[in-house]
1. I need a count of the residues in the range 199-228 that are buried (at least 17 other Cβ atoms within 10 Å of the Cβ), in contact with a Gly (Cβ under 7 Å, 6 or more places away or on another chain) and in a loop (DSSP other than H, G, I, E, B).
2. Does His98 meet the test of being outside any loop (DSSP other than H, G, I, E, B) and in contact (Cβ under 8 Å) with a residue 60 or more places away in the chain?
3. Let me confirm something: among His278, His288, His336, which residue is modelled with pLDDT of 95 or more and under 14 Å from the mean Cα position of the chain (by Cα)?
4. Considering Ser239, Ser273, Ser231, which residue is surrounded by 24 or more Cβ atoms within 10 Å (Cβ to Cβ) and either among the hydrophobic types (A, V, I, L, M, F, W, C) or assigned to a loop (DSSP other than H, G, I, E, B) (or both)?
5. If Asp360 satisfies all but one of (1) out of contact with any Leu (no Cβ under 7 Å at 6 or more places or on another chain); (2) over 30 Å from Ala248 (Cα atoms); (3) at pLDDT 85 or above, what's the number of the condition it fails?
6. I'm checking my understanding of the structure. Among residues of the range 174-194 that are in contact with a Phe, Trp or Tyr (Cβ under 6 Å, 6 or more places away or on another chain) and either more than 30 Å from Met238 (Cβ to Cβ) or free of Cβ contacts under 8 Å to residues at least 60 places away in the same chain (or both), which one is surrounded by the fewest Cβ atoms within 10 Å (Cβ to Cβ)?
7. If you take the residues of the range 109-163 that are of a type in the set (Ser, Thr, Tyr) and surrounded by 21 or more Cβ atoms within 10 Å (Cβ to Cβ), which of them is nearest to Arg232 (Cα to Cα)?
8. Cβ-Cβ under 7 Å, sequence separation 6+ or interchain: first residue in the range 61-73 and farther than 14 Å from Gly117 by Cβ, partner not in a strand (DSSP E or B). Which pairs?
Amino acid sequence: MSTFSRRDWLKASALGLGGAALGAARRVAALPVTADPQAIQRPSASARTLAFADRDLSMRWEGERPARVYTPNGSSITGRRASDGAWVYEMTVEEVQHAFAPGLTATCWGYNGQVHGPTFEGVEGDQVRIYVTNRLGVATTVHWHGVFLPSGMDGVGGLSQPVIPPGETFVYEFPLAQHGTFMYHAHHDEMTQIALGLTGLFIIHPREERTRVDRDVAILLHEWFVAPGTSRPDPNEMSDFNILTMNAKAFPGTDPLVVGHNDRVRIRFGNLSPMDHHPIHLHGHAWHLVATDGGAIPPAGQWPETTVLVPVGSTRTVEFVADALGDWAMHCHMTHHVMNQMGHEIPNTTGVDSRALDRDVQPLLPGYTTMGEHGMDEMGAHVEMGHMPVPENSIPMVGAMGPFGYITMGGMYTNLLVREKPVDYDRFPGWYDHPPGTVAHRVTPAEAARDGITLS
């Protein structure tokens with residue numbers, strides 16, 4: 001009769017835990033068993049700015065008229081005037097090597113060599129003529145999402161047009177009969193082609209702008225599944241998305257938004273995620289919802305809020321005055337949407353004292369340490385500092401250093417940097433220099449005694 005001791009059971013259990021994590025390439029840490037999370041070496045203040053300091057935040061654009069909207073990490077295409085007065089745009093559909101963030105590059109599908117495609121900018125009343133060349137190995141179409149146009153220009157393969165075969169060029173032509181924030185995307189084999197990146201924003205400016213803003217920003221929200229160690233998004237995923245993006249970048253790949261103090265700011269959000277809505281929250285300010293893809297909202301119908309829900313297949317436009325100096329977070333408030341390549345199918349180790357378990361497993365899995373007993377706040381720092389081997393081309397739980405330590409968020413997250421004017425919108429201004437007495441700090445005994453509080 002065989003015996004199975006408590007220690008044998010622990011080893012087997014740990015192997016199951018470790019094996020599940022290794023199989024998913026997610027929460028196994030190759031740390032010494034004596035690792036102290038508080039002892040992680042912190043980069044100097046100057047080193048902490050390196051992730052952003054050298055970035056060029058300017059946006060390129062192509063066309064005969066200047067871009068009027070800023071698409072962080074993206075570009076605009078504004079068209080060129082043809083001899084008959086129409087505005088001509090050219091678009092190529094092709095495979096693209098795309099960097100979601102430092103350390104994660106994937107083979108996606110895009111337009112004009114980028115993911116997402118360039119932001120189209122036109123003016124209400126324009127006649128536009130858009131040439132689309134298909135350099136993929138499969139057929140595609142382009143749907144102009146929310147735009148009023150003739151049925152035959154709507155871009156639904158098999159319904160409103162024949163598909164665009166590989167190697168062929170089709171032309172779409174229609175008048176811009178409205179203004180607002182719209183989108184475009186493939187409308188043939190939608191599950192695959194949208195999941196691989198065939199999306200973009202389409203902005204139609206009014207012939208006469210009634211509301212002037214200092215910064216007009218466009219952000220397209222999306223979600224992907226890229227298994228750690230692989231290099232192509234999986235279009236078959238339906239729920240467990242692990243890369244959440246703003247303009248196809250996951251933090252720390254997202255460019256910060258630089259604005260001047262008391263600037264009037266407009267942000268146009270679009271959502272072409274396959275499955276999820278996104279509640280986008282801005283710290284330190286309240287905005288008004290001023291428009292949807294259905295049109296402008298009259299002032300009497302607008303309301304203030306700090307979080308705007310952007311449903312799948314919709315756009316939401318908000319405006320606010322940046323009247324609070326500082327560094328402010330802006331992110332999706334679904335907490336798993338601000339994590340990079342986080343797995344969800346492994347055991348819950350929160351609150352577990354794993355020291356004895358780790359000692360038992362170390363001979364079988366050298367370097368093994370259970371993660372998650374106290375949360376996952378140090379995992380990204382361990383990965384970046386080389387303490388924790390992970391598959392090539394993966395960024396599990398990675399965030400970035402901020403001015404006071406490690407920012408544990410990733411994914412659908414960026415920073416709004418509000419600075420005194422004049423301000424260079426195209427350069428990282430450095431982290432905010434807080435006035436004395438305006439930063440949360442460790443309480444001193446004298447401060448506690450002043451208010452009758454006893455420190456334990």
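The values are calculated or read from the model by the stated rules, or taken from the named source; none is laboratory data. None of these values were measured; they are calculated from a predicted model. Using ideal geometry, Cβ is built from the backbone for each residue, glycine included, and neighbour counts are taken over all protein chains shown.
1. The qualifying residues number 0.
2. Yes, satisfied.
3. Result: His278 is the single residue among His278, His288, His336 that is modelled with pLDDT of 95 or more and under 14 Å from the mean Cα position of the chain (by Cα).
4. Ser273
5. (1)
6. Residue satisfying both the conditions and the ranking: Ala177.
7. Residue satisfying both the conditions and the ranking: Tyr111.
8. Cβ pairs passing all conditions: Ala67/Met59; Tyr70/Met59; Pro72/Asn247; Pro72/Thr254; Pro72/Asp255.
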